[in-house]
Structures are given as C-alpha cells and as structure tokens.
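Notes follow once the structure below has been shown.
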C-alpha cells in the first residue's frame, strides 16, 4: 500500500486542510486526480467549512471508504449503498472509540494556527482507520 497515515499527516503539515489531507493521501491508490479531489474537499476543513461540525478528517475518511467500496453502478444505485453505509458507521464508531466524538467542536481542544496537535491526531487516526479498511477490503 502506497498511502498511509504518514502521507496524510505530511499533507496536513503542508497546509492541506484535514479533509484534503486524508483524501488526497489515497488519490493515486484510488485512481482519482489529486488536483480535483483537493478542490472538491477544500470546503470541508474545520468541521465543514469552519462550522466546527463533522471533523474534516472524518469526512475524508468517509469519502475514501465510499470511493473504495462503491460499485459505481449508476443503473443500480443500491448495489453497494447499504454496505457502504455500514462501513461508514463502523469507521465512525472506531474513530469515536479513540477520540470520543466525530465533531470538530468537541475534538478541537485548543486554539491557534494550524497545524494543531489535536488536528494532527484526528488526521492520523482517520488515516489509520482507512489503512485498516483498505487492507481488509
């Protein structure tokens, strides 16, 4: 596996937002163009565009799992949808078990300029769950 938590953390340290860092770490592996994903995920940092709602690293984790798990069957949208939802719920539970929440307002426990240690930890934890998912699926 080329991508891993270290790649995600490195991208976050390069000023990618938390969602960008997680998803862009897996672009090559998933066969998607990093520049497109970078643009697409720009608004998901700081808990959904600064709203401090769902953590961007968690959203990134969900996006990677969706990209990897979906059959992409537009003729039968339900082909893998329920399975993907179950895998998203499992990933969320694992993230919550480690961090206590999926909400930025509860996870971001310090202020200051990025990269904050608490945010680095969220990016790393989300990527660890993605790594485990990709290894097992």
>> If I fit a long axis through the Cα atoms of helix 56-69 and take the longest principal axis of the Cα atoms of the chain, what angle between them do I get, 0 to 90°, rounded to 10?
In response: 10
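Under 8 Å for C-alpha pairs, at least 6 residues apart: give me the relative contact order for the chain, rounded to a whole percent.
Relative contact order comes out at 30 percent.
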> For region 1-80, taking Cα atoms only, what is the radius of gyration to one decimal and the Dmax to the nearest whole Å?
Replying inline: 12.9, 40
> How far is helix 117-136 tilted, in degrees, relative to the longest principal axis of the Cα atoms in the chain, given as a value from 0 to 90 rounded to the nearest 10?
Replying inline: 20
>> I want to make sure I understand the PRE zone here: with the label point 7 angstrom from the Cα of residue 97 toward its beta carbon, which residues in region 15-47 have backbone N atoms less than 12 Å away?
In response: none
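Quote the Stokes-Einstein diffusion coefficient, in whole µm² s⁻¹, for region 66-111, based on the Kirkwood radius over alpha carbon pairs, a temperature of 4 °C and a viscosity of 1.567 mPa s. Walk me through the intermediate numbers first.
On the way: Rh = 12.4 Å.
Diffusion coefficient, whole number: 105 µm²/s.
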> Where does helix 81-99 land angle-wise versus the long Cα axis of the chain, in degrees 0 to 90, nearest 10?
Replying inline: 20
> Given a Förster distance of 35 angstrom, what is the FRET efficiency for residue 75 paired with residue 51, based on the Cβ-Cβ distance and rounded to 0.05?
Replying inline: 0.50
> Based on the Cβ-Cβ distance from residue 14 to residue 86, what FRET efficiency comes out when R0 is 30 Å, to the nearest 0.05?
Replying inline: 0.35
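Throughout, read-outs are computed from the coordinates displayed, never taken from laboratory work. Note that the structure is predicted; figures quoted are calculated from it, not measured. Note that we place each Cβ from the backbone using ideal geometry, even for glycine, and neighbour counts take in every protein chain shown.
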